[in-house]
1. Write out, first by first residue and then by second, each pair whose Cβ atoms fall under 6 Å of each other, whose residues are 6+ apart or on separate chains, and whose first residue, in the range 154-168, is more than 21 Å from GLY101 (Cβ to Cβ) while the second is surrounded by fewer than 16 Cβ atoms within 10 Å (Cβ to Cβ) and of a type in the set (Lys, Arg).
2. Of a type in the set (S, T, N, Q), under 41 Å from the mean Cα position of the chain (by Cα) and modelled with pLDDT under 85: is that true of ASN184 in this structure?
3. Give me the residue from the range 1-22 that is among the charged types (D, E, K, R) and part of a loop (DSSP other than H, G, I, E, B) and, out of that set, surrounded by the most Cβ atoms within 10 Å (Cβ to Cβ).
4. Pick out the one residue from VAL91, VAL150 that is outside the structural domain of VAL190 (by TED's automatic domain parsing) and either farther than 19 Å from LEU192 by Cβ or surrounded by 15 or more Cβ atoms within 10 Å (Cβ to Cβ) (or both).
5. List the pairs whose first member sits in the range 33-62 and is at pLDDT 55 or above, whose second member is β-branched (Val, Ile, Thr) and more than 15 Å from the ligand (Cβ to nearest atom), and whose Cβ atoms are under 6 Å apart, counting only residues at least 6 apart or on separate chains?
6. May I ask you to list the residues in the range 8-22 that are among the polar types (S, T, N, Q) and within 8 Å of the ligand (Cβ to nearest atom)?
7. Let me spell it out: the conditions are (1) modelled with pLDDT of 85 or more; (2) within 11 Å of the ligand (Cβ to nearest atom); (3) surrounded by 11 or more Cβ atoms within 10 Å (Cβ to Cβ), and THR25 meets all of them except one. Which number is the exception?
8. Which condition breaks for ILE111 when tested against (1) surrounded by 12 or more Cβ atoms within 10 Å (Cβ to Cβ); (2) within 22 Å of PRO178 (Cα to Cα)?
Amino acid sequence: MMKKECSIVQDVLPLYLENMVSESTKVFVEEHLESCSDCATELKYLKSGMHIDVAETPTREHAVDVITAIKKKISKRILKAVTAVCLVFAVLLGAVLLYTGIGHPVTKDNISLSTKTDGGYTYIILETEAGKSLYFDSKTEDILNNQNEVCGQVITLYNLQYHNNFTRSTNSMKWGSPVGIESNYLEVVVELENDTLQISSCE
Ligand SMILES: [Zn+2]
């Protein structure tokens, strides 16, 4: 508890700091400060520009500390949670990109060739397994007969790769030629690493 003298000294401390006290008050204050650490502390606070009532200092500082600590803890937790969620998303995204982004060599087990006649056209159909997208380069060449006339076309697919794909249930493409017109003979050749698959519209 503050002594009566302390109360008087602390009242005049601001004036004392500004040199606005009489000589006798100055002497009184300085004598008190020498023997009273509470008031000396108060003077220090005043000098540093943060005037806090000495008596209330401990609890107030404690309260502020606790609130600050809780705030820090909460923001740290939020930061940790956000970081964790971001990390999980990054890993998932990475896994998806790895799964779908890498091209795999195509074997004859990955694709099938078939023909189908429908509406006056014969189609050559190339199908890939569900969940796979096919990538390839292709070239088309005319087939010439003995008289050097174009009698059909060969479509060659090469550099085949498949990518995993979450959305594609089936992947098919087709080439069509009118039925019964010999010059529209169509042949699809698929060049794989170890196999060559071949199909024509006459099959
Ligand atoms: Zn005092």
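1. So the pair list comes out as THR156/LYS139.
2. Working: of a type in the set (S, T, N, Q): yes; under 41 Å from the mean Cα position of the chain (by Cα): no; modelled with pLDDT under 85: yes.
The answer is no for ASN184.
3. If we filter the range 1-22 for residues that are among the charged types (D, E, K, R), which is where we start, we get 3-5, 11, 18.
Imposing the further condition that a residue be part of a loop (DSSP other than H, G, I, E, B) reduces the set to 3, 18.
Working: LYS3: 12, GLU18: 8.
If we take residues in the range 1-22 being among the charged types (D, E, K, R) and part of a loop (DSSP other than H, G, I, E, B), then LYS3 is surrounded by the most Cβ atoms within 10 Å (Cβ to Cβ).
4. Details: VAL150 fails: outside the structural domain of VAL190 (by TED's automatic domain parsing).
The unique qualifying residue is VAL91.
5. Cβ pairs passing all conditions: TYR45/ILE52.
6. Step one: list which residues in the range 8-22 are among the polar types (S, T, N, Q), which gives 10, 19, 22.
Once the filter is applied, which keeps residues that are among the polar types (S, T, N, Q) and within 8 Å of the ligand (Cβ to nearest atom), the range 8-22 yields only GLN10.
7. Just one mismatch for THR25, condition (2).
8. Exception for ILE111: condition (2).
The values are calculated or read from the model by the stated rules, or taken from the named source; none is laboratory data. Computed from a predicted model, the values in this text were never measured in an experiment. Here the Cβ is made from the backbone with ideal geometry for all residues, glycine too, and neighbour counts use every protein chain on show.
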